[in-house]
Amino acid sequence: MLAYQYNNKDLEIVESKNGEDIEFHLQVLDHAEEILPKLKAVRAFFESDDVYTDVLFYIYPNHRYSAIVRPEFYAEFVLQLMKHRLLKRVEWIG
């Protein structure tokens, strides 16, 4: 399992189960002009690969986003968040 840390003044991330998948709820709280392009880059990464159902993104008003992630792409999704500096720290637990 992966544990991660992020700047909770700028972003809120909540994970929940969605059937067999993992759903990420992301709310941009501050510095949207910096964070939104990074979220778009993560989305673009998964939309450009050959697997159409690896991560499904949903956009809501007021800078809210959801991403439904298949379990086999969980680590890749978290690492993409880290790559784009939306996370401050990622570590394996267990």
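Only Lys, Arg, Asp and Glu carry charge here, each on its Cβ (+1 for the first two, -1 for the last two); on that basis the chain has a dipole of about 320 debye about its Cα centre. Name all residues of segment 56-94 having a backbone nitrogen under 19 Å from the label point set 7 Å from the Cα of HIS25 along its Cα→Cβ direction, giving them as ranges. The answer is 56-70. Split the accessible area of the chain by element, probe 1.4 Å, and carbon with sulfur accounts for 52%. Pairs of Lys residues in segment 2-89, spaced 8 or more positions apart or belonging to different chains, with C-alpha separations under 17 angstrom: 5 in total. As a size descriptor, the averaged projected area of the C-alpha convex hull of segment 2-89 was calculated at 5.4 nm². Gain on full extension, evaluated as 0.36 nm per residue between LYS88 and ASN62 minus their Cα-Cα distance, stands at 7.0 nm.
The values are calculated or read from the model by the stated rules, or taken from the named source; none is laboratory data. These numbers come from a predicted model, not from an experiment. Reconstructed Cβ throughout: ideal geometry from the backbone, glycine too, with neighbour counts over all protein chains shown. Ligands, DNA and RNA are excluded from the accessible area calculation, which covers all protein heavy atoms including side chains. Shrake-Rupley method; radii C 1.70, N 1.55, O 1.52, S 1.80 Å.
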